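Engineer: The following block contains the structure, expressed as structure tokens.
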Amino acid sequence: MWRRLISILLAAIVGGGGLLAYVALANRQLYLAPLILVVLSMMLTALPLLICYVQTISLQRQLAKLDTLNDKTVSGTAFFKIAYGTLQSINPATLDKYYAVPMLTFAFVIIFCWLMTNAVYFKPEYFTLPNVVLGGFNVLDPKDVESVASYQRGTFVAGCFGFIGAYIYTNWRLLDRINNNDIYPISFYYYAARMLAACFIAGVIRHIAPEYGANVSVILLSFAIGFVPDIFITSIVRRASQAVSVLSDQPDPKIEALPSNSSLLMIQGLDRDKIDRLSELYVTNAEVLACQNPFILWLRLPYELLLIINWISQAQLYRVMRDEHFAKLRQTGICGSLDFVGIASSPEALKALARAINMPVELVQAAINALQSDPIFIRLAEVQNALRQPFP
């Protein structure tokens with residue numbers, strides 16, 4: 001009951017705050033500007049928390065969809081039991097005993113940073129006081145008070161836009177994680193620390209890269225730092241390593257030694273739109289697709305279960321035979337691992353397939369043995385056999 005009340009309260013903050021800001025601006029009541037900025041900060045704080053409540057609805061819909069197969073033969077397969085157990089074990093991100101403190105900490109960091117960004121408590125004279133964090137080495141030998149204040153204001157702006165970039169990135173990643181049921185209490189601590197780190201990294205980059213002193217450059221660079229701080233952290237570490245002549249990175253492998261990217265475009269039936277949809281579930285190449293549970297993908301995608309099984313079967317065959325032999329097998333009408341093992345079980349067909357793809361019979365037989373001993377293939381074949389049985 002109290003969770004529902006919290007949800008209503010968050011919705012009231014967003015709706016009421018937006019209405020208050022609109023009325024104040026429409027009536028030119030600019031004296032309410034500080035109050036509007038505070039309400040705006042509360043609304044922006046409530047947004048990522050409201051996003052998290054979508055996970056509960058998503059889990060309920062997935063369990064309901066999986067229950068439609070619960071009285072069928074396929075419910076006895078290993079993949080079905082794994083999928084059902086996985087969904088039941090997921091604890092949605094709500095304000096319970098596990099998530100309450102992390103989510104409140106996360107909310108406190110956001111509203112604090114938004115209040116600082118909106119400069120609710122700051123006045124211009126605050127920046128005249130020398131501060132090592134904002135001024136860097138400029139405060140050690142200041143030319144005049146105004147130059148120090150101007151430089152410190154620039155650093156403060158850099159930190160603010162670093163936070164804005166991190167805030168946008170955090171909302172995007174929260175949606176991504178909730179979509180994949182991949183959010184835990186520690187995730188909120190991680191993103192809270194990430195936003196604070198983005199502010200400080202933006203300030204550090206401004207101090208060590210004075211050529212980015214122009215207003216537009218500071219804003220763009222700081223926003224990029226907040227959105228992708230890892231790149232800039234790596235850059236700082238490498239620059240520091242070079243300064244002290246320390247090389248900690250291993251050399252990159254040669255291009256000819258790198259593996260192929262196992263593109264999903266090799267899978268028959270997958271176009272750009274479907275690949276983009278799969279990438280939302282972290283299925284970015286055929287290697288990943290070959291190891292997926294078809295029921296979990298079926299719950300998250302608007303495609304038929306048999307079609308998803310076919311894609312996984314193709315990915316498994318692609319992983320074993322690679323590009324050239326996989327393309328030749330497709331010309332014979334064999335697209336997936338299930339078809340490949342079934343057809344090649346005949347000695348005559350095995351020899352014909354070996355000739356068709358220009359591969360020794362022994363290697364083809366070894367590929368079949370590898371598939372038949374693969375737990376993923378065994379479970380996928382179990383699902384296909386169950387679907388062949390008439391439903392009770």
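The values are calculated or read from the model by the stated rules, or taken from the named source; none is laboratory data. Since the model is a prediction, treat every value here as computed from it, not as a measurement. Methodologically, a virtual Cβ is constructed for each residue, glycine included, from the backbone with ideal geometry; neighbour enumeration extends over all protein chains shown.
Engineer: For residue 108, all conditions in the list (1) at pLDDT below 85; (2) under 26 Å from the mean Cα position of the chain (by Cα) hold save one; what is the number of the exception?
Structural biologist: (1)
Engineer: Ok, one more. Tell me which residues, restricted to the stretch 330-370, are polar (S, T, N, Q) and assigned to a helix (DSSP H, G or I).
Structural biologist: 331, 337, 365, 369, listed by residue number.
Engineer: State which residue is nearest to the chain's Cα centre (by Cα) when the search covers only the stretch 294-318 and only residues that are among the β-branched types (Val, Ile, Thr), closer than 15 Å to residue 387 by Cβ and surrounded by fewer than 24 Cβ atoms within 10 Å (Cβ to Cβ).
Structural biologist: So the residue we want is 308.
Engineer: Can you tell me how many residues in the stretch 331-342 are at pLDDT 85 or above and surrounded by fewer than 17 Cβ atoms within 10 Å (Cβ to Cβ)?
Structural biologist: Of the residues in the stretch 331-342, 1 are at pLDDT 85 or above and surrounded by fewer than 17 Cβ atoms within 10 Å (Cβ to Cβ).
Engineer: On to the next question. Applying the selection to the stretch 144-191, what residues are under 25 Å from residue 101 (Cβ atoms), modelled with pLDDT under 85 and in contact with a Ser or Thr (Cβ under 6 Å, 6 or more places away or on another chain)?
Structural biologist: Across the stretch 144-191, there are no qualifying residues.
Engineer: When you scan the stretch 114-132, do you find a residue that is in a helix (DSSP H, G or I), modelled with pLDDT of 80 or more and of a type in the set (Val, Ile, Thr), even just one?
Structural biologist: No, that holds for no residue.
Engineer: Moving on. Does residue 293 count as modelled with pLDDT of 90 or more, of a type outside the set (Phe, Trp, Tyr) and more than 29 Å from residue 359 (Cβ to Cβ)?
Structural biologist: yes
Engineer: Go through (1) more than 30 Å from residue 86 (Cβ to Cβ); (2) modelled with pLDDT of 80 or more and name the single condition residue 138 misses.
Structural biologist: (2)
Engineer: Restricting the first residue to the stretch 360-372 and requiring it to be in the same structural domain as residue 321 (by TED's automatic domain parsing) and surrounded by 14 or more Cβ atoms within 10 Å (Cβ to Cβ), which pairs with a second residue that is in a helix (DSSP H, G or I) and of a type in the set (Ser, Thr, Tyr) meet a Cβ separation below 6 Å and a spacing of at least six or different chains?
Structural biologist: 371/337
Engineer: Look at the stretch 140-181 and say how many of its residues are over 15 Å from residue 116 (Cβ atoms), in contact (Cβ under 8 Å) with a residue 40 or more places away in the chain and aromatic (Phe, Trp, Tyr).
Structural biologist: Of the residues in the stretch 140-181, 1 are over 15 Å from residue 116 (Cβ atoms), in contact (Cβ under 8 Å) with a residue 40 or more places away in the chain and aromatic (Phe, Trp, Tyr).
Engineer: So, in the stretch 373-389, of the ones that are touching a residue at least 12 places away in the same chain (Cβ under 8 Å) and not in a helix (DSSP H, G or I), which residue ends up surrounded by the most Cβ atoms within 10 Å (Cβ to Cβ)?
Structural biologist: Ranking the candidates gives 374 first.
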